[in-house]
Amino acid sequence: MASVSPGKTEAREPTSRSGSVQSVDRALSLLEALGEDEEGCRLIDLAGRTNLSPSTAHRLLTTLQKRQFVQFDSTEGLWHVGRQSFIVGARFVRRRNFVATALPYLRRLRDLTRETANLGYIEDGEVVVLSQVESREIMRAISRVGGHVPIVNSGLGKAILATYSPAEVAASVAVRGMQRFTQKSILRMSALKQELERVRSSGYAVDDEEYQVGLRCIAATVYDSHSEVLCAVSVSGLTARLTYERVEPVGEVVAQIARELTISLGGRAPGNE
């Protein structure tokens, strides 16, 4: 065991009041910023988006580059997410072994509706997008893979919330609250309860421009072998294509694919025991 010489103290990383290590927190903020931009980022832009000085951002990026969590394109002068970030993220997805099974169903959902198909679940009061098959049309997705979407403002979130008890709904919503993203965003618990009743009645949930103007999303839940919700699938597209007239027929397709995926995973929807 290493010893410390008398009169000397070990160097410690600066910590915030919450107990987090400052350099780790800053490095992760850089990774998150890079993950939001597929085209890569310049150092000065990364520094601005993470509220770091360019010198600090460069020092942290260089350290991450040595571990292959980021990579630098010297020709374009752009930083990108590195392969080690992908490897770590892929391990997270593999823990959720339903993702690989769901992929053919997402492809079929995309082909049947011509819209982007998504797979997501709830974590820490938000919907995490685990997998996605992009539309061949002019594409518009709720979020990229790994992205977070508000529960109340998303079809995926509302589809899952509709399976919860009133107490579970209140607890989930309390984590992030209700936020106004558009004029159609749900802001009252009474309105949310009415919306969830509609979801239970129809078998699918609709995000009608509640998160992004011009974007509509239709979702349905997937269940495990204990008849508990496992995740949700959805399609998202421009309102000009995913019109009100298409909501019901597309909703039925989404619900059917969700039922087929449930069976494929050995699951059972409530009432089908």
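The values are calculated or read from the model by the stated rules, or taken from the named source; none is laboratory data. Note that the structure is predicted; figures quoted are calculated from it, not measured. Reconstructed Cβ throughout: ideal geometry from the backbone, glycine too, with neighbour counts over all protein chains shown.
Within the range 215-273, the set of residues being farther than 25 Å from Val145 by Cβ and of a type in the set (Ser, Thr, Tyr) comprises Ser225, Ser227, Thr243, Tyr244. Under the condition of being crowded, with 18+ Cβ neighbours inside 10 Å and either farther than 19 Å from Gly251 by Cβ or touching a Gly at 6+ places or on another chain (Cβ under 6 Å) (or both), the residues counted in the range 156-177 number 4.
Per-residue answers, yes or no, for (1) among the charged types (D, E, K, R); (2) modelled with pLDDT of 85 or more; (3) in the same structural domain as Lys66 (by TED's automatic domain parsing); (4) more than 21 Å from the chain's Cα centre (by Cα):
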{"site": "Met1", "(1), (2), (3), (4)": "no, no, no, yes"}
{"site": "Pro6", "(1), (2), (3), (4)": "no, no, no, yes"}
{"site": "Arg17", "(1), (2), (3), (4)": "yes, no, no, yes"}
{"site": "Glu36", "(1), (2), (3), (4)": "yes, no, yes, no"}
{"site": "Glu39", "(1), (2), (3), (4)": "yes, no, yes, no"}
{"site": "Leu43", "(1), (2), (3), (4)": "no, yes, yes, yes"}
{"site": "Ala47", "(1), (2), (3), (4)": "no, yes, yes, yes"}
{"site": "Asn51", "(1), (2), (3), (4)": "no, yes, yes, yes"}
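Do the conditions hold for Leu196, that is, is it buried (at least 16 other Cβ atoms within 10 Å of the Cβ) and either over 14 Å from the mean Cα position of the chain (by Cα) or hydroxyl-bearing (Ser, Thr, Tyr) (or both)? Show your work before the answer.
Details: buried (at least 16 other Cβ atoms within 10 Å of the Cβ): yes; either over 14 Å from the mean Cα position of the chain (by Cα) or hydroxyl-bearing (Ser, Thr, Tyr) (or both): yes.
It is true that Leu196 is buried (at least 16 other Cβ atoms within 10 Å of the Cβ) and either over 14 Å from the mean Cα position of the chain (by Cα) or hydroxyl-bearing (Ser, Thr, Tyr) (or both).
When residues in the range 224-273 are screened for being among the small types (Gly, Ala, Ser), closer than 16 Å to Asp111 by Cα and not in a strand (DSSP E or B), 3 of them pass. In the set (1) modelled with pLDDT of 90 or more; (2) surrounded by fewer than 20 Cβ atoms within 10 Å (Cβ to Cβ); (3) not in a loop (DSSP other than H, G, I, E, B), the condition left unmet by Phe181 is number (3).
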